[in-house]
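Q: Sharing a structure below in structure tokens format, with a few things to ask.
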């Protein structure tokens with residue numbers, strides 16, 4: 001899945017797929033690849049009762065958030081261009097891990 005976002009001038013990007021949710025994996029990781037001329041994109045982690053537990057703004061390459069997807073929920077805030085005369089980008093690699101059951 002391509003999660004790269006190129007944001008045209010004067011547009012706020014809402015990732016409607018990302019609302020507070022679980023992905024039904026064992027663990028999920030989001031790693032910043034590249035970020036230029038944008039603000040926002042703050043990851044919020046909550047418990048299963050939707051009580052906030054942590055926030056993280058991935059700003060530098062290789063910044064990473066790893067969450068226990070079975071016990072937490074996650075969301076990402078909207079992303080906005082800082083300088084409307086320049087293209088804004090936010091490239092994030094999302095990796096989902098599922099625990100394999102032992103084979104008898």
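The values are calculated or read from the model by the stated rules, or taken from the named source; none is laboratory data. Quantities reported herein were computed from a predicted structural model and do not represent experimental measurements. Positions of Cβ are backbone-derived with ideal geometry, glycine not excepted, and every protein chain shown enters the neighbour counts.
Q: Which of (1) within 24 Å of residue 100 (Cβ to Cβ); (2) more than 10 Å from the chain's Cα centre (by Cα); (3) surrounded by 17 or more Cβ atoms within 10 Å (Cβ to Cβ) is the odd one out, the single condition residue 35 does not satisfy?
A: Exception for residue 35: condition (1).
Q: Determine if region 86-95 includes at least one residue that is in a strand (DSSP E or B) and in contact with a helix residue (DSSP H, G or I) (Cβ under 6 Å, 6 or more places away or on another chain).
A: No, region 86-95 contains no residue that is in a strand (DSSP E or B) and in contact with a helix residue (DSSP H, G or I) (Cβ under 6 Å, 6 or more places away or on another chain).
Q: Take residue 69 and tell me if it is closer than 16 Å to residue 33 by Cβ and in contact with a strand residue (DSSP E or B) (Cβ under 7 Å, 6 or more places away or on another chain).
A: no
Q: Do the conditions hold for residue 104, that is, is it exposed (fewer than 14 other Cβ atoms within 10 Å of the Cβ), in contact with a strand residue (DSSP E or B) (Cβ under 6 Å, 6 or more places away or on another chain) and either assigned to a loop (DSSP other than H, G, I, E, B) or at pLDDT 95 or above (or both)?
A: Judged against the criteria, residue 104 is not a match.
Q: Could you list, in sequence order, the residues of region 51-69 that are assigned to a loop (DSSP other than H, G, I, E, B) and closer than 18 Å to residue 26 by Cα?
A: Listed by number, the list holds a single entry, 69.
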